[in-house]
Structures are given as structure tokens and as C-alpha cells.
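Chemist: Here it is, the structure, as C-alpha cells.
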Amino acid sequence: MVRDSAHPATATITAQQLSEADLRSTADGSLTVHSVRFGQTYGSVHGAQAQARHVFVQGSGTDQGDEARVLEIGFGVGQNFRATLEARQDKALDYLAYEFDPVSAEVLRRLDPPEYPAWTALLNAWPPTPGTPLAVQVDQVRLRVQQQDALVADFPAGWATAVYLDGFSPDANPELWSETFLARVAFALAPGGVLTTYSAAGRVRRALQAAGLEVERCPGPPGKREFLRAVLP
Ligand SMILES: C[S@@+](CC[C@H](N)C(=O)[O-])C[C@H]1O[C@@H](n2cnc3c(N)ncnc32)[C@H](O)[C@@H]1O
């Protein structure tokens, strides 16, 4: 994922001050948003939608199978969620995301036409608040978004068929890439579950291996040579 520049995150939960001016067009025509707080874009400037499909949905195999339980670290602007809805169509999906700094509903509304009933339901219920997770159920799709710092969240053990590890870059958002945190995230995987992430950094690969996952480098989406795919044996 190409980001603009790096600013360290603060640990404080603050309201997002994003505006329509922060929307950016990406190479595949999809829109993303620039985060003032982190100095980076939420999705790849080389194609936000292409990356969501390639790395997270197809990379983790979430486009396949009758059942999918996705744990997402960093819900952001919901690009990965929309790509997952697109891929799964009528198949069951249970999606649990953590986001400590939700963007405004106005920004979310500008991103994509509301093609999916579950996305429309999300827009109507947005935003989550610290005491009240957003919960939406439409047909076979269940979505929960917890407004919480992922560092202190209790992830459901052995639950996820897929983990989308999608923080900002390891330099800008280092706490989401530490060995300690990745070990906790790996614990949420069901046997055979797959974690994917756009970063192919050696330190991320080693941290995932230290968490007991079998890690491979896969050909990346546009603008990116490789991404990581890590399986819990
Ligand atoms: C690259 S963006 C995620 C893009 C998103 N997955 C999407 O599909 O639109 C990274 C997200 O991680 C969130 N984040 C960063 N640190 C976090 C933390 N400690 N706990 C929860 N969310 C965090 C940021 O606020 C941001 O929304």
C-alpha cells in the first residue's frame, strides 16, 4: 500500500476531522480517503478496490466457502467490507471489525454507490460509539464494528476463518504490527484460518512466523510486488 508520509499515531481516541476534501481518487477509479492523523491514505493509491479484492478477499479465500468469519483490524472506510460483500453475494458472512477512530457518515456516503443492502444498513446505523458497537444483520450478513483500540480488545479465540490485518503502515502505526499484537491476532484464527496483509516487510513476516503461522509471500496487487498470507496450521 502506498502511503503519502508517516506521522506517529497517538494513543488518544479522537473524533475524525475528515472532510470531503480528504477524498482521493485511486488508479482503478475507486475512491479512498487521506488520513490527516496518520498522513496516509486508507487504501492503496494504485487501486483501493483492487487491493481490497486481491489481498484481503481473494488472498484469504473469503470469496470461497459456505461460511466466512472475518476479523478486521482497522475498519477504516469499509473498502474491505464492501469488497467482501461483493465477493460473497448471497453466502453467509460474519464480519467483526475494530476501529478506534471512525470516519464520519458523510465521508462513507461519498465513497461508493450503496449497492449492497448491508452497506446501506451500515450507513443508517453509523457511527459506532465506544459504549455501543455498531451491529447490523441483513439476511445472511452480520456485521459488528467495535469502536475500540484493538490493542486492548478481547478477540474471540479460534473464531476467524480470515483476519484482515489492515492498519496503516508499520512505520506510521507500529503498535498494530508488533510481535505481541500479532500473536494476539493469530490466536483469533480458527485452524486453517488465513491472515492476510498488504505489508510484505520482513519484520512483519517474522512476527507472524513467531506467532505460529505458516507465512508465504504472494504476488501483490497493482503497485505492490508482494503481500503476506499466513495460515494457522
Ligand atoms: C489502512 S486503514 C484501514 C482501511 C480499511 N481496512 C478499509 O477497508 O477501508 C487503517 C485503520 O486502522 C485504524 N487503526 C489504527 N490503529 C488502530 C488501533 N490501535 N485500534 C483500532 N483501529 C486502529 C485507523 O483508524 C484506520 O481506520
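Chemist: Return the carbon/sulfur percentage of the accessible area of the chain, one whole number, probe 1.4 Å, all protein chains in place.
Modeler: Summing carbon and sulfur atoms, their accessible area is 51 percent of the total for the chain.
Chemist: Which value at 222 nm does the chain reach when only helices count, each DSSP H run of 4 or more adding -39,500 (n - 2.57), with the total divided by all residues and rounded to the nearest 500 deg cm²/dmol?
Modeler: Here the helix-only value at 222 nm equals -5500 deg cm²/dmol.
Chemist: Shifting gears a bit: Taking Rh as the Kirkwood radius computed over C-alpha pairs, what is the Stokes-Einstein D of region 169-233 at 20 °C in a medium of viscosity 1.002 mPa s, expressed in µm² per second?
Modeler: 181 µm²/s
Chemist: Residues of region 75-96 with the amide nitrogen closer than 16 Å to a label point 7 Å from the Cα of residue 23, along Cα-to-Cβ, please.
Modeler: From region 75-96, the list is 77-79.
Chemist: Could you tell me the center-to-center distance, by alpha carbons, between region 155-233 and region 66-134 in angstrom?
Modeler: A separation of 20 Å, based on Cα centres.
Chemist: Over the alpha-carbon set of region 24-152, divide Rg by the Kirkwood Rh and report the Rg/Rh ratio to two decimals.
Modeler: That ratio is 0.93, to two decimals.
Chemist: For residue 67 and residue 214, calculate 0.36 nm times their separation in residues minus their Cα-Cα distance, and state this gained length in nm to one decimal.
Modeler: Extending this stretch completely gives an extra 50.7 nm.
Chemist: With only alpha-carbon atoms counted, please give the Rg and Dmax of region 105-145, in Å.
Modeler: 10.3, 29
Chemist: Equivalent-ellipsoid semi-axes (√(5λ), Cα gyration tensor) for region 47-231, whole Å, largest first?
Modeler: 24, 18, 16
Chemist: Of all the Cα-Cα pairs you can form in region 114-215, what percent are over 17 Å apart?
Modeler: 59 percent
The values are calculated or read from the model by the stated rules, or taken from the named source; none is laboratory data. What you are looking at is a predicted structure, and each value in this text was computed from that prediction instead of being measured. Cβ atoms come from the backbone with ideal geometry, glycine included; neighbour counts cover every protein chain shown. The area values use the complete protein model at the heavy-atom level, side chains included, leaving out ligands, DNA and RNA. Shrake-Rupley method; radii C 1.70, N 1.55, O 1.52, S 1.80 Å.
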